Every structure is written in structure tokens, then in C-alpha cells.
Amino acid sequence: MPRSKKDNVEDIAGLRERMRHSASHVMAEGVCALFPDAKLAIGPSTEEGFYYDFDLPRPLTPDDLAAIESKMKDTIAKNLPFVFEEINRETAKQMFSHQPYKLELIDDIQDEKLGTYRHGSFVDLCIGPHVSSTGEIKAFKLLSIAGAYWRGDEKRPMLQRIYGTAFETQEALDEHVRRMEEAARRDHRRLGRELDLFSVHEDAGAGLIYWHPKGGRIRTIVEDFWKKEHYNAGYELVYTPHLGKASLWETSGHLGFYRELMYSPMEVDEQSYYVKPMNCPFHIMIYKTDIRSYRELPLRLAELGTVYRYERAGVLHGLLRVRGFTQDDAHIFCRPDQVEDEIIRVLELTFLMLGAFGFKEYEIYLSTRPEKYVGETSEWDRATEALRKAIEKWHLEYNVDEGGGAFYGPKIDIKIRDALGRSWQCTTVQIDFNMPERFDLTFAGEDGREHRPYMIHRALLGSLERFLGVLIEHYGGAFPTWLAPVQAVVIPIADRHQEYAQRVQDELKKDGIRVEVDARSERMNLKIREAQLQKVPYMLVVGDKEVASSAVSVRKRNGENMGAVELQAFREMIKRAAQSRSLE
């Protein structure tokens, strides 16, 4: 039977995992050769490569990476076998008696037998997988040095983490390095500073985002688009508080399941209040304000709701991992017979919105009933089948994550692929059997009896902070015209052209175009260059000829010179690009 492309992909992924894990051990050996007193923490393979955390007597430098690579090459050339051995706990403690982090790991492992891997004289606590010998580690490279708290806890020691990667060929490694360099150029944190979009102030609170005027403009455009499309899709927009009584979070189950993510309570009128980590209980309270009839359903409530969740300082990352964020949240309350149609509508809105931002490639996952669950199996089967049919209606490939659903219902997860081929989790559509039960939600059926509604949680973009971080990197800061915070800059050649430049700005603003005049006494070429660096889609140069002919000389940020364009014609051109949500 011929092998499938999927089989080959899985084989390559498996080889890379074994090779990278093996490379992390060889790297640790090299570090120990250079720093005999090194304390070893952990060194796993990752989706992109590998890393190892060390407690060392001094900070590492780029020169150290070159020296470590040299040691690694020596070990690889010896083609030493990787040998697995099981040892008991006492032997393990004796073997790693000089390694405090390994001893802590040993204490945490419940098994009596522990796995080790040895190559040459180097041995590490490990269960694999590994390649057969060091010679099977082909093209590799050490990439960077970073700080990492032990076990991600800022109260524990700060270790030094060395990142590296390995591939089966030099060509694959070179391509990966090229992509990493491109990703660094697109890093949303760097672009956020350069384009003056947002900032984070550790002294005022880590993981909290300050949107600057230009970033605020982009966010407003996204929010306005979101609101318009949700109204068009039959949602009602609501606004809910940022605080709720402890009793609300007890009923919802959040205090039981998510307490470690919630911020400490505050006392108000001798009652404990928590800042909300999720919006769903508040939407439920709106549902419960009236006796609902089957004729009223589905009820679709949507909110751009800001929530707060505790994240360890060590994992915070620009816009992508924060402590305060705004979810594009919605909850649909519907009859069981309406579920399939509602899921189809959700996916339709999902693809409309993601497509508008330029995302056309998706990875879709259907997660089914886990071993521990609430609700009847018949409900699970019906809900899971509704999710499956909704996906298949779009003729999209999807993966089934058997048993991967939450205890309270099955779900669909959708990941988007960006310009560099990276996957980002955005859309989640989750059916919930738990909340309607906990809050005793009902509707009056056609038979006059009370029935339990289905509740669908869904977020299309995820959090606005994370989505905008992805957008910045996807476009490298060069947003399509409809999203650009400044769509055009008017550049007068001399002071006598200032009045006409202002008139051009006024005319464009009548059409809602976001336009500025660069009135500084600087050279024209400098102004053009700075506007290009700010990723402004259009630069409109005006001089004597343009004044005389009511035109603008149009230059695009990619360097293309369109020459003189009649002002009214340019107005129509840029207005069409903005209104059609063109991706250019």
C-alpha cells in the first residue's frame, strides 16, 4: 500500500523531535564541559527546535554559543550511542546529588523507576525519545540566550535558557533561519514601538496594554467592523460589569475551576467581589431577566468584554500573552433543534471576518466527549454531530481530537495561518451543558413545559490584543489601506504649497480618509522616506504642477511612483480601497 503525504509529514516530524531532543542533551554536555559547576534544569524539544535551562556562574555571551557549538560538533563526530536505562529513585538521587533542579524533579516523579539517557560520559534524567546515536544529529544551530524562571515561577531562580534548532538537512535549517529572521523583522513588540501603536509599562503593571492613538485607531476600525457584522448577523450587543460577587463565580464554577487565574477579591459592603475572568455569567444574568419562550430563541448576545486573568510574569509576551484583554465574546441561547443552524451561522461569520483581515488558510479541530463529562450522552452525540455537520458544510478538512472536549461540551477550534505559515488559535465554538444547569436556565416550549436551552460560547478573533498582535506580524506593520491608522500623508514641497496641502487633506477627510499633512521644514525625500518607514500606504507630494492642475503626485509605500493623479480620481481610488476592504 503506498504511503500517504500525511505519513511522510509525520515521519519527518518524529525524526525532528528525536533529533532535537538529542541535540539538547549534546548541548547540555557542551555547557558542562565549559562550565563544570553548571546546574542543569530541563531541556525539551519544541515545535521549532529545542532549549535547555541552566544555572551558571556567569551570564552567557554570543561567544559562548560558538564555543558550545564547537563542543557539540566534536560529540556528534564521535557518533556516540544514546543508551536508555531505568534506575530506582535512590540511585537517581545519588547520580544527580550535585544537581538541585534534577533532585526536585525526582521528588515530583511518582514512579519508582526513572528513565535516564546516556551518551559517552554524559547522563541525563529523561524518558526520550532520542535518535540512536549522536551522529544522527544533522544540521543544527544555537540561536539565542534568554532568561527563564525555574518552572515559570517568578518567585523561583532566574535561569539562562539556550535556544537551538536542528533539521535533517542544511537546506531545511537555512530556510528555518531565514524565516526566523523574517519573524524578527515582523516582531509586533518592535513594530509596536517603531510605529507608535502601543506600550507596556512594567512599573505600572505587567501584562497590561496601553494603546497609543495610532494603535487605538486600528483597534477602533476592527471593533467597528466587528459590531457592524454582528448586528448584520442577528446579534444584540451588550455591556456588562467588570466585577461580580463571589456567589456568582461560585454558581458558575469559576471559583472552583479557575481560582488560580482570578485576581484576589475586594470587599464591598462586606461582600467579596472578583474582577471577571470571563463574560459568560453576565450574559446568563441577562438571559434570566425574563421568562423566555421557544419563539424568542435563538437569543444571540455579543460583547467586546474586557477580562482579567493572572499569568505568570515569565510567560507574558507583548500583545500575545497579557493579563488584561478584550474578548470578542458571544453566547447563543437556543433550542436543541436549532444548534446545527446556529453553528453554521457562526462559521459563516467566522470565515467572513477572518477573510476580511486576509486569513484564508485554516486548521480546524473537532474535540469530542472526554472520559469525565456532564450531561447525557445523547446530548453529547447530538451536539457533536451538529458541530461535525457544520464543518462539513464548508467542505473543509478537519482533525478529530477524540476525548479532547471540555467536561461541559464538545467544541470546534480554528487556527489561522499567517504570512510566515505560523498557526494561531483564534476561533472557538463551544457547546455548554454545564452553565444552563448550574444557573437553571429554562425556556417555555411549544408544549407549555419548561425546557433547558443549549448554550453556545464563541469567540471569533479570540482576544483583540492577541489578534492585533498577530495582524501586526502578518502584515509586518504594513496594514491594508482599510486598516492603516494613517492612509495617506500629504507632503508639500515648499512652504508656498502648504495651503494646497491643507486643502487636499480637507477634501480627503470629507470621505473619511485618515490623512495627515507633513508640514515640517524638511527635505521632500526625507519626508517620503519617513512616511515609508511608518508604513503609510500613500504619499501625496504637492508642488507647483499639482497646485495648477488640482492633482497629487502619488507614491506608494513599496516605492512605486504613480505620478500625477487628479485629486478627485485619487479620492475615488482610495475610497474604493477602504470601503471594499482591499488587502492592498
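Worth a mention:
- Candidates 476, 462 - the one that is modelled with pLDDT of 95 or more and under 22 Å from the mean Cα position of the chain (by Cα): 476
- Total residues in region 223-252, condition assigned to a helix (DSSP H, G or I) and either touching a strand residue (DSSP E or B) at 6+ places or on another chain (Cβ under 8 Å) or outside the structural domain of residue 441 (by TED's automatic domain parsing) (or both): 12
- Screening residue 333 on (1) surrounded by 17 or more Cβ atoms within 10 Å (Cβ to Cβ); (2) of a type in the set (Phe, Trp, Tyr); (3) assigned to a loop (DSSP other than H, G, I, E, B) shows it passes everything except condition (3).
- Looking across region 200-222, the residues that are surrounded by fewer than 14 Cβ atoms within 10 Å (Cβ to Cβ), of a type outside the set (Phe, Trp, Tyr) and closer than 19 Å to residue 323 by Cα come down to 201, 202, 203, 204, 205.
- If the condition is being over 17 Å from residue 39 (Cβ atoms) and among the basic types (Lys, Arg), then region 92-117 contributes only 113.
- Check on residue 560, surrounded by fewer than 18 Cβ atoms within 10 Å (Cβ to Cβ), more than 10 Å from residue 481 (Cβ to Cβ) and modelled with pLDDT of 95 or more: no
- Of the residues in region 310-330, not one is more than 30 Å from residue 198 (Cα to Cα) and touching a residue at least 60 places away in the same chain (Cβ under 8 Å).
- Leading residue by the ranking (surrounded by the most Cβ atoms within 10 Å (Cβ to Cβ)) among those in region 113-140 that are among the hydroxyl-bearing types (Ser, Thr, Tyr) and part of a loop (DSSP other than H, G, I, E, B): 132
- Of the residues making up region 571-584, those that are part of a helix (DSSP H, G or I) and either over 12 Å from residue 487 (Cα atoms) or aliphatic (A, V, I, L, M) (or both) are 572, 573, 574, 576, 577, 578, 579.
- Residues of region 106-124 that turn out to be modelled with pLDDT of 95 or more and of a type in the set (A, V, I, L, M, F, W, C), as a count: 2
- Every residue from region 414-443 that is more than 23 Å from residue 341 (Cβ to Cβ) and either within 12 Å of the chain's Cα centre (by Cα) or not assigned by TED's automatic domain parsing to the domain that holds residue 369 (or both): 415, 416, 417, 418, 422, 423, 424, 425
- Only one of 363, 342, 311 that is in a helix (DSSP H, G or I) and either surrounded by 17 or more Cβ atoms within 10 Å (Cβ to Cβ) or under 16 Å from the mean Cα position of the chain (by Cα) (or both): 342
- Residue list for region 410-447, restricted to those being among the hydroxyl-bearing types (Ser, Thr, Tyr), in a strand (DSSP E or B) and surrounded by fewer than 19 Cβ atoms within 10 Å (Cβ to Cβ): 423, 428
- Qualifying residue in region 91-108 (condition: touching a residue at least 24 places away in the same chain (Cβ under 8 Å), among the β-branched types (Val, Ile, Thr) and in contact with a Leu (Cβ under 8 Å, 6 or more places away or on another chain)): no
- Among residues of region 168-179, those that are under 24 Å from residue 474 (Cβ atoms) and free of Cβ contacts under 8 Å to residues at least 40 places away in the same chain, counted: 5
- Scanning region 141-159 for residues that are under 23 Å from the mean Cα position of the chain (by Cα) and in a strand (DSSP E or B) yields a total of 7.
- Residue tally, condition under 23 Å from the mean Cα position of the chain (by Cα) and outside any loop (DSSP other than H, G, I, E, B), over region 276-304: 4
- Restricting region 233-247 to residues that are surrounded by fewer than 16 Cβ atoms within 10 Å (Cβ to Cβ) and in contact with a helix residue (DSSP H, G or I) (Cβ under 9 Å, 6 or more places away or on another chain), the residue that is farthest from residue 281 (Cα to Cα) is 234.
- Extreme residue, farthest from the chain's Cα centre (by Cα), among residues of region 50-59 that are surrounded by fewer than 20 Cβ atoms within 10 Å (Cβ to Cβ) and closer than 28 Å to residue 130 by Cα: 56
- Of all residues in region 180-203, those that are touching a strand residue (DSSP E or B) at 6+ places or on another chain (Cβ under 6 Å) and in contact (Cβ under 8 Å) with a residue 24 or more places away in the chain total 2.
The values are calculated or read from the model by the stated rules, or taken from the named source; none is laboratory data. Since the structure is predicted, the reported quantities are computational estimates derived from the model, not experimental observations. Note that we place each Cβ from the backbone using ideal geometry, even for glycine, and neighbour counts take in every protein chain shown.
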